[in-house]
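The values are calculated or read from the model by the stated rules, or taken from the named source; none is laboratory data. Every value quoted in this text rests on a predicted model; they were computed, and no experiment measured them. Because the Cβ atoms are built from the backbone with ideal geometry, glycine has one as well, and the counts that use them run over all protein chains shown. The area values use the complete protein model at the heavy-atom level, side chains included, leaving out ligands, DNA and RNA. Shrake-Rupley method; radii C 1.70, N 1.55, O 1.52, S 1.80 Å.
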Amino acid sequence: MKQFFILLSMFIGCAVFAQQIEVEQAKTDLTFLSEQIKIYNPALAEYHPEFEALVAEEMAGLPAEGISVFDYYTKVSQICALAGEGHFSVQDWENDILKGIMDNTYAYLPVKVKIISGKLYLVGDYSDEQSLNGGDEILSINGIPTEEILNRLIEVTPSDGTITTFAFRKI
């Protein structure tokens, strides 16, 4: 099978990285999120007793001076994913990040992919060039190995427990 290194930009534009949220506001919001997850997921302590410690690690990793909207969105997604609950969704097509994709404001990867056995395969090429073939394995994006990308996406994709097949379908 022909393998490609895809060197396309990721889906978030520079404008999102420039916007900042005050650290204290981010801490307040993330603490509120964590508390609400504990309230509305009563089995959390039984099935994920490490939740509070992992959330504390995420909070400790916040920068001292401010957090970009993109990094904040990532933290929210990580905290939701730590709960191991697949019904959580952190998608609102009106937020700054996803709205920019829908409006074609931000660059994004114009392909459809499928994850099989932890590998990323091209299913459809929606670019103007149409230079990629269905079934090609994607080895890296912008020099980042797909294994690393998939691991990072799993960290921020809420799913039931540690079931990766559900997360892979959502990704």
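So the values come out like this:
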item	result
Solvent accessible area, Å² - ILE163, 1.4 Å probe, full protein context	90 Å²
Rounded FRET efficiency, nearest 0.05, which uses the C-beta distance separating GLU65 from THR31 and R0 of 25 Å	0.85
Cα-projected label distance for GLU57 with GLU22, points at 7 Å along beta-carbon direction, nm	3.0 nm
Relative packing of 28-34, 152-158, 59-65, which averages over residues the other C-beta atoms within 10 Å, highest first	152-158, 28-34, 59-65
Pairwise label distance in nanometres, ALA43 with GLU147, each label 7 Å out on the Cα-Cβ vector	3.3 nm
